[in-house]
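The values are calculated or read from the model by the stated rules, or taken from the named source; none is laboratory data. Since the structure is predicted, the reported quantities are computational estimates derived from the model, not experimental observations. Every residue, glycine as well, gets a Cβ built from its backbone with ideal geometry; the counts of neighbours run over all protein chains shown.
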């Protein structure tokens with residue numbers, strides 16, 4: 001058989017495999033939908049039997065060889081030797097009357113000396129699970145935290161309720177460091193919690209030596225590793241120094257360890273157990289769902305000034321005099337966006353890692369005290385910020401993963417009142433972030449999942465999150481607190497097969513001329529913004545820019561297009577190429593479709609109008625020009 005014949009056979013087999021893959025993907029989608037229906041039906045049947053349905057909001061999972069589920073439930077009780085003091089300190093020190101779900105279980109397990117991994121949504125009180133045991137224990141609890149802003153936030157809160165806590169970081173003075181070090185081996189030391197970054201454990205032999213002395217004196221009562229997912233390279237926010245924390249359990253084997261996170265899959269948790277040398281912790285997992293948060297995606301204007309004006313209008317009208325965060329992608333963005341918001345009479349200040357520590361602390365304190373209403377921040381302001389009355393979290397640029405987004409948006413509504421989590425989804429932002437995460441483990445995969453979250457209007461926003469947290473999702477749990485559930489009637493399915501074939505043609509013509517196309521060049525050429533000679537070789541689109549952008553993104557997500565990176569000494573360039581599924585479009589029977597928005601679910605949000613609801617409630621829809629999401 002000649003070369004052309006072999007190529008033809010391979011191509012035929014490839015087409016067959018691609019068609020089979022497409023069928024499998026359709027079956028997976030159907031099964032997920034069926035799973036949701038069956039879960040809802042099960043819930044209804046259990047209610048008819050007057051039995052409480054089993055809920056992922058109250059479960060413990062993971063390998064627990066030494067403890068049955070019934071034994072675990074005993075730790076929800078109040079008949080332990082420390083129970084009276086726990087109840088008293090809850091009331092007197094923390095000014096709380098009751099525990100939230102799973103808090104008491106985690107506290108009792110920790111006080112009993114067990115190693116515990118706690119996965120609990122942002123705003124559900126993870127910090128109390130080591131702060132309260134610290135107050136009820138001899139000596140002090142060591143808390144490892146990834147960010148200075150997080151530690152400062154906790155210290156401010158604990159100081160306000162007269163719980164003594166200290167922190168050590170790079171900016172700590174010699175006098176302060178000396179005082180803390182001395183207190184760690186003093187039975188009469190006033191502080192109950194010592195906060196440090198992982199770098200302190202990894203790089204300060206003096207500090208570890210002091211920990212050893214405290215351990216021998218039985219003054220190191222507990223180790224809390226906050227944001228424990230940072231240990232794993234497969235987590236969304238890997239920190240190299242976290243990988244060195246295994247020394248703590250090796251050096252202090254009798255000290256119970258508590259690992260806490262809002263975002264970790266079972267694979268990430270398994271990785272963390274191995275890294276921290278904790279082979280059989282009790283793993284407690286609460287549901288990821290925050291019922292008071294309203295999730296929404298808005299299309300970002302390509303014009304920078306227009307996009308800032310839209311955000312400003314939203315803050316000045318819908319969120320007038322309310323506290324919030326605007327997340328941006330870079331330090332430069334934090335400076336420029338805050339400056340532009342200030343020009344529009346919004347009291348907004350930047351927060352990023354490159355600022356002077358004192359300046360960051362001052363902004364943090366003013367924002368916490370409501371002297372500043374809006375912080376424009378990078379992820380340096382991300383984890384653990386505990387301000388209860390944040391009514392909105394706006395992402396000026398999409399996050400690089402769903403886990404990041406869940407963590408950042410979770411700063412909103414920690415008082416359980418309605419709050420809004422809004423992402424501005426911009427075409428160019430996708431490729432800007434892609435070039436930044438290209439060298440990260442599964443960075444591209446995680447980014448594509450986030451892009452799918454933004455563009456997908458087929459499924460509930462929460463159901464797309466649930467997939468990442470290994471949770472079975474019943475769409476009824478959303479209660480129309482996301483734009484896709486609230487505006488399901490506003491979407492219709494449109495055939496985009498011919499649009500896809502046109503894009504393939506544009507790339508084929510460019511390849512024949514040894515030309516590489518960036519996403520922007522591909523878009524402009526498809527829209528006819530190119531020399532007449534090139535325009536004569538292709539079919540240009542009649543779609544508007546927003547529609548054309550949406551089609552390109554959909555084809556990228558589905559594998560008809562793919563990324564191709566070029567590295568220079570100064571930058572990384574993203575080019576578009578034909579994907580593994582592009583040959584399927586040669587088949588005349590092959591069709592593609594996607595849902596498009598016939599009404600804008602976010603018009604009121606964009607106009608900055610209230611619908612009569614508080615922050616987090618559903619904005620009403622208005623008839624507007626048809627466009628793709």
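For the stretch 223-237, how many residues meet the condition of being touching a residue at least 60 places away in the same chain (Cβ under 8 Å) and in contact with a helix residue (DSSP H, G or I) (Cβ under 6 Å, 6 or more places away or on another chain)?
Number satisfying all stated conditions: 9.
So, of the residues in the stretch 386-395 that are under 12 Å from residue 324 (Cβ atoms) and assigned to a loop (DSSP other than H, G, I, E, B), which turns out to be modelled with the lowest pLDDT?
387
Tell me, yes or no, whether the stretch 578-596 has at least one residue that is closer than 26 Å to residue 506 by Cα, at pLDDT below 90 and under 30 Å from the mean Cα position of the chain (by Cα).
yes
Taking residue 423 as the residue in question, decide whether it is within 22 Å of residue 523 (Cβ to Cβ), touching a strand residue (DSSP E or B) at 6+ places or on another chain (Cβ under 8 Å) and crowded, with 23+ Cβ neighbours inside 10 Å.
Yes.
Evaluate the following for residue 269: is it surrounded by fewer than 19 Cβ atoms within 10 Å (Cβ to Cβ), at pLDDT below 95 and assigned by TED's automatic domain parsing to the domain that holds residue 134? Talk me through it step by step, then tell me what you get.
Details: surrounded by fewer than 19 Cβ atoms within 10 Å (Cβ to Cβ): no; at pLDDT below 95: yes; assigned by TED's automatic domain parsing to the domain that holds residue 134: yes.
No, not satisfied.
May I ask you to list the residues in the stretch 171-191 that are in a helix (DSSP H, G or I) and loosely packed, with under 11 Cβ neighbours inside 10 Å?
Correct list: 174, 175.
If I filter the stretch 379-392 for residues that are closer than 20 Å to residue 332 by Cβ and in contact with a strand residue (DSSP E or B) (Cβ under 6 Å, 6 or more places away or on another chain), do I get at least one hit?
Within the stretch 379-392, one or more residues are closer than 20 Å to residue 332 by Cβ and in contact with a strand residue (DSSP E or B) (Cβ under 6 Å, 6 or more places away or on another chain).
Looking only at the stretch 329-353, filter to residues that are crowded, with 23+ Cβ neighbours inside 10 Å and within 21 Å of residue 430 (Cα to Cα); which one of those is farthest from the chain's Cα centre (by Cα)?
It comes out as 337.
So which of 298, 248 is surrounded by 21 or more Cβ atoms within 10 Å (Cβ to Cβ), in contact (Cβ under 8 Å) with a residue 24 or more places away in the chain, in contact with a helix residue (DSSP H, G or I) (Cβ under 8 Å, 6 or more places away or on another chain) and assigned by TED's automatic domain parsing to the domain that holds residue 208?
The match here is 248.
Out of the stretch 79-110, which residues are in a helix (DSSP H, G or I) and under 13 Å from residue 128 (Cα atoms)?
86, 87, 89, 90, 91, 103, 104, 105, 106, 107, 108, 110
Name the residues in the stretch 409-420 that are at negative phi and surrounded by 24 or more Cβ atoms within 10 Å (Cβ to Cβ), would you?
Step one: of the stretch 409-420, the residues at negative phi are 409-412, 414-415, 417-420.
409, 410, 411, 412, 419, 420, listed by residue number.
Restricting attention to the stretch 222-234, report how many residues are in contact with a strand residue (DSSP E or B) (Cβ under 8 Å, 6 or more places away or on another chain) and modelled with pLDDT under 95.
5
The rows are residues; the columns are (1) in contact (Cβ under 8 Å) with a residue 40 or more places away in the chain; (2) under 21 Å from residue 427 (Cβ atoms); (3) touching a strand residue (DSSP E or B) at 6+ places or on another chain (Cβ under 8 Å).
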site	(1), (2), (3)
253	no, no, no
269	yes, no, yes
273	yes, no, yes
279	no, no, no
286	yes, no, yes
303	no, yes, no
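When residue 72 is evaluated against the numbered criteria (1) modelled with pLDDT under 90; (2) assigned to a helix (DSSP H, G or I); (3) surrounded by 15 or more Cβ atoms within 10 Å (Cβ to Cβ); (4) out of contact with any strand residue (DSSP E or B) (no Cβ under 9 Å at 6 or more places or on another chain), which criterion, by number, is the only one it fails?
(4)
Looking at residue 361, is it surrounded by fewer than 24 Cβ atoms within 10 Å (Cβ to Cβ), closer than 20 Å to residue 413 by Cα and assigned by TED's automatic domain parsing to the domain that holds residue 451?
It is false that residue 361 is surrounded by fewer than 24 Cβ atoms within 10 Å (Cβ to Cβ), closer than 20 Å to residue 413 by Cα and assigned by TED's automatic domain parsing to the domain that holds residue 451.
Among the residues of the stretch 157-168, write down those that are surrounded by 11 or more Cβ atoms within 10 Å (Cβ to Cβ) and either touching a residue at least 60 places away in the same chain (Cβ under 8 Å) or assigned to a helix (DSSP H, G or I) (or both).
Passing the criteria: 157, 158, 159, 161, 163.
Considering (1) assigned to a helix (DSSP H, G or I); (2) closer than 30 Å to residue 460 by Cβ, say which one residue 580 fails and leave the rest.
If we test residue 580 against (1) assigned to a helix (DSSP H, G or I); (2) closer than 30 Å to residue 460 by Cβ, just (1) comes out false.
Among residues belonging to the stretch 318-331 that are out of contact with any helix residue (DSSP H, G or I) (no Cβ under 8 Å at 6 or more places or on another chain) and touching a residue at least 12 places away in the same chain (Cβ under 8 Å), point out the one that is nearest to residue 413 (Cα to Cα).
322
On the basis of being surrounded by 13 or more Cβ atoms within 10 Å (Cβ to Cβ), over 16 Å from residue 590 (Cβ atoms) and free of Cβ contacts under 8 Å to residues at least 40 places away in the same chain, does residue 513 make the cut?
no
What are the pairs, 6+ residues apart or on separate chains, where a residue within the stretch 77-102 that is touching a residue at least 60 places away in the same chain (Cβ under 8 Å) has its Cβ under 6 Å from a residue that is surrounded by 15 or more Cβ atoms within 10 Å (Cβ to Cβ)?
93/135; 93/163; 101/58; 102/284; 102/286
What are the residues in the stretch 116-149 that are under 23 Å from residue 96 (Cβ atoms), in contact with a helix residue (DSSP H, G or I) (Cβ under 9 Å, 6 or more places away or on another chain) and part of a helix (DSSP H, G or I), if any?
Across the stretch 116-149, the qualifying residues are 128, 129, 130, 131, 132, 133, 135.
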